[in-house]
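**Q** Here you go, one structure.
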Amino acid sequence: MRKHLTKKRVILLGIVAAAVAIGTTAFAYFTTTGSGTGSASVGSSSAVTIHGTTDDTLYPGTSTTVHFTIDNPSDGNQYVATIKLDSVTTDGAHSGCDTSDFTMPDVTVNQNFPNGDGQTVTATGTLSMADDGNQDDCQGAPLTLNLSST
């Protein structure tokens, strides 16, 4: 008995033959080089806000520790190298207070701050009040420490 090729068998054999041909076909190509361009952008720094708080009340001839926090409004990290006391001011009721009696050496921070508010600065400062005679005009004075950073 001889088997006849039916239309279905012919189509099936054609599909199998095509699959075998594709599977064993070598692909030819050329190697090449290329070039192109892309684009990106870099953000900018934003000014941080420095907050300082003291441990103790000052009296003539004493010092107190100053703790700092940083608010960074930037989307990126900001590096603070140093915190400086630019000046000290007080309210009008204590206008006779000589605010130059208050000093603080520059504070080396060298710390990176990501975006966010209230971030603790590891380094602390030392705010001092000189003892230079009668300083009654400074009694009870609320002090504002004007700080800057580099």
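Bear in mind that the values in this text are calculations on the coordinates, not laboratory data. Values in this document were obtained by computation on a predicted structure and should not be read as measured data. Using ideal geometry, Cβ is built from the backbone for each residue, glycine included, and neighbour counts are taken over all protein chains shown.
**Q** Among the residues of the range 48-80, count how many are within 20 Å of residue 124 (Cα to Cα), within 29 Å of the chain's Cα centre (by Cα) and either surrounded by 12 or more Cβ atoms within 10 Å (Cβ to Cβ) or of a type in the set (Val, Ile, Thr) (or both).
**A** 19
**Q** Just give me the residues in the range 55-71 being hydroxyl-bearing (Ser, Thr, Tyr) and either outside any strand (DSSP E or B) or under 19 Å from residue 43 (Cβ atoms) (or both), in sequence order.
**A** 57, 59, 62
**Q** Would you check if residue 74 is assigned to a loop (DSSP other than H, G, I, E, B), without any contact (Cβ under 8 Å) to a residue 60 or more places away in the chain, of a type in the set (S, T, N, Q) and out of contact with any strand residue (DSSP E or B) (no Cβ under 7 Å at 6 or more places or on another chain)?
**A** yes
**Q** Look at the range 105-120 and say how many of its residues are more than 16 Å from residue 73 (Cα to Cα), buried (at least 18 other Cβ atoms within 10 Å of the Cβ) and within 15 Å of the chain's Cα centre (by Cα).
**A** Residues meeting the conditions: 1.
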